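Student: Sharing a structure, written as structure tokens. Questions coming.
The values are calculated or read from the model by the stated rules, or taken from the named source; none is laboratory data. Given the structure is predicted, the values throughout are model-derived calculations rather than measurements. So basically every Cβ, Gly included, is an ideal-geometry build from the backbone, and we count neighbours across all protein chains shown. Calculation scope for accessible area: heavy atoms of the full protein, side chains included, ligands and nucleic acids excluded. Shrake-Rupley method; radii C 1.70, N 1.55, O 1.52, S 1.80 Å.
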Amino acid sequence: MTRTAFVTGATAGIGEATVRALVAKGWRCVATGRRKERLDALVAELGADNIHPCVFDVREEAAMDAAIAGLPEDFAGIDLLVNNAGLAQGLSPAQEADLDDWQTMIDTNVTAMVKLTRKLLPVLIERKGAIIAIGSVAGSYVYPGGNVYAGSKAFANHFTLALRADLHGTGVRVTSIEPGMVETEFTLVRTGSQQASDDLYRGSDPMTGEDIANTILWVAELPSHLNINRIELMPVSQDFAGFRVARD
Ligand code: NDP
Ligand code: 8X3
């Protein structure tokens, strides 16, 4: 039987790679994002039988509801939710940060994620499905300028583990995947600068969207009695040391 995944943030980076990886293994995907032309391109490439595009801003609850209500029968039986859509905005220290940037990150990375999860839990429980959320190492190890992004990802990491407790006994599997540096559009979105993005990734052999997609696929296809709780992964070039001392 064909399984169906609901992948948020499928227009770029990790989400787009995840849709490709899942479809290559015979899954159907509901692919979401704001950029319609990118979702249309995925449908053209992978086929309308395999991809159902849902164009909406995850911060707009009415649009989220309409997307869920409008799922065609073939795509309505969700077996896997991939909570991936998210972003960072800015790298300013907290005392200089833009409050609108903070609100955008909270609305997208926290509020939209919990609302979508809550709305899809009935079908996921009915089908003994799975939830895979993309948290971040930023939720465990802080760095200067991480502030609200780091806080939102700590929330994502922990909410996902908390879901596991509430879903105990339902058969629903829940996994928090927490990557370090992945070369996607993430840094372009965060800084607004392609140069800043290229500078960050240059010479570091970062992880790719495909690396994370393959991890998601591996977790999704494990036997139904196995739950991976958390996976933290980084490129070899990155580590988590960072204690600093300010001196007089
Ligand atoms: P990209 O910028 O390449 O992709 C982000 C995706 O999220 C896009 O498809 C974008 O779609 C979607 N998205 C963002 N905001 C909204 C919104 N308001 N409504 C709908 N969709 C939205 O970044 P990544 O692939 O790297 O990021 C994916 C996830 O991975 C994020 O949650 C990020 O925090 C996390 N992550 C990334 C890491 C990295 O180093 N790249 C490391 C650890 C975690 P569109 O713009 O079309 O709406
Ligand atoms: C993205 C990874 O280290 O850029 O979550 O915050 S990092």
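Student: Report, ordered by the first and then the second residue, all pairs with beta carbons closer than 9 Å, sequence separation of six or more or different chains, a first member in segment 83-106 that is modelled with pLDDT under 95, and a second member that is assigned to a loop (DSSP other than H, G, I, E, B).
Tutor: Here the result reads none, with nothing in segment 83-106 linked to a residue that is assigned to a loop (DSSP other than H, G, I, E, B).
Student: Sort out which residues of segment 120-140 are surrounded by 18 or more Cβ atoms within 10 Å (Cβ to Cβ) and within 16 Å of ligand 2 (Cβ to nearest atom), and write them in order of number.
Tutor: If the condition is that a residue be surrounded by 18 or more Cβ atoms within 10 Å (Cβ to Cβ) and within 16 Å of ligand 2 (Cβ to nearest atom), then Ile132, Ala133, Ile134, Gly135, Ser136, Val137, Ala138, Gly139 are the ones that fit.
Student: I'd like to verify a number: residues in segment 27-47 that are aromatic (Phe, Trp, Tyr) and part of a helix (DSSP H, G or I), how many?
Tutor: Number of matching residues: 0.
Student: If you scan segment 182-192, which residues turn out to be open to solvent by less than 60 Å² (accessible area, probe 1.4 Å) and of a type in the set (D, E, K, R)?
Tutor: Glu185, Arg190, listed by residue number.
Student: Could you please give the count of residues in segment 193-221 that are open to solvent by 40 Å² or more (accessible area, probe 1.4 Å) and part of a helix (DSSP H, G or I)?
Tutor: Counting residues in segment 193-221 that are open to solvent by 40 Å² or more (accessible area, probe 1.4 Å) and part of a helix (DSSP H, G or I) gives 9.
Here's the yes/no breakdown for (1) in a loop (DSSP other than H, G, I, E, B); (2) more than 12 Å from ligand 1 (Cβ to nearest atom); (3) touching a Leu at 6+ places or on another chain (Cβ under 8 Å); (4) open to solvent by 20 Å² or more (accessible area, probe 1.4 Å):
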position	(1), (2), (3), (4)
Arg118	no, yes, no, yes
Ala156	no, no, no, no
Leu163	no, yes, no, no
Ile177	no, no, yes, no
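Student: Return the residues of segment 95-107 that are farther than 27 Å from Arg118 by Cα and either open to solvent by less than 50 Å² (accessible area, probe 1.4 Å) or touching a Phe, Trp or Tyr at 6+ places or on another chain (Cβ under 8 Å) (or both); say none if nothing qualifies.
Tutor: Passing the criteria: only Ala97.
Student: For a quick check of your reading of the model, give me the residue pairs whose first member lies in segment 144-170 and is among the polar types (S, T, N, Q), whose second is assigned to a loop (DSSP other than H, G, I, E, B), with beta-carbon atoms closer than 8 Å and at least 6 apart or on different chains.
Tutor: Asn147/Pro93; Asn147/Ala97; Ser152/Gly86; Asn157/Gly135; Asn157/Ser136; Asn157/Ser140; Thr160/Gly135; Thr170/Lys128
Student: Please go through segment 222-240 and pick out each residue that is open to solvent by 80 Å² or more (accessible area, probe 1.4 Å) and either assigned to a loop (DSSP other than H, G, I, E, B) or modelled with pLDDT under 95 (or both).
Tutor: Taking segment 222-240 first, the residues open to solvent by 80 Å² or more (accessible area, probe 1.4 Å) are 224-225, 230, 236, 239-240.
Result: Ser224, His225, Val236, Asp239, Phe240.
Student: Then there is this: Might you let me know whether segment 77-84 holds any residue that is open to solvent by 20 Å² or more (accessible area, probe 1.4 Å) and either hydrophobic (A, V, I, L, M, F, W, C) or outside any loop (DSSP other than H, G, I, E, B) (or both)?
Tutor: Looking for residues that are open to solvent by 20 Å² or more (accessible area, probe 1.4 Å) and either hydrophobic (A, V, I, L, M, F, W, C) or outside any loop (DSSP other than H, G, I, E, B) (or both), one finds none in segment 77-84, hence no.
Student: On the basis of being farther than 16 Å from Leu233 by Cα and either in contact with a Lys or Arg (Cβ under 7 Å, 6 or more places away or on another chain) or not charged (D, E, K, R) (or both), does Gly135 make the cut?
Tutor: no
Student: List the number of the failed condition for Ala213; all other conditions in (1) of a type in the set (Gly, Ala, Ser); (2) free of Cβ contacts under 8 Å to residues at least 24 places away in the same chain; (3) more than 10 Å from ligand 2 (Cβ to nearest atom); (4) under 20 Å from Ile231 (Cα atoms) hold.
Tutor: (2)
Student: Now a separate question. Note down all Cβ pairs under 7 Å where the first residue falls in segment 172-199 and is of a type in the set (Lys, Arg), the second is open to solvent by 40 Å² or more (accessible area, probe 1.4 Å) and not in a helix (DSSP H, G or I), and they're at least six residues apart or on different chains.
Tutor: Final answer for the pair search is Arg190/Gln89; Arg190/Leu91.
Student: Restricted to segment 34-53, and to residues that are touching a Ser or Thr at 6+ places or on another chain (Cβ under 9 Å) and open to solvent by less than 10 Å² (accessible area, probe 1.4 Å), which residue is nearest to Leu217 (Cα to Cα)?
Tutor: Leu42
Student: I've got another one for you. On the basis of being out of contact with any strand residue (DSSP E or B) (no Cβ under 6 Å at 6 or more places or on another chain) and either open to solvent by 10 Å² or more (accessible area, probe 1.4 Å) or more than 7 Å from ligand 1 (Cβ to nearest atom) (or both), does Val172 make the cut?
Tutor: Yes.
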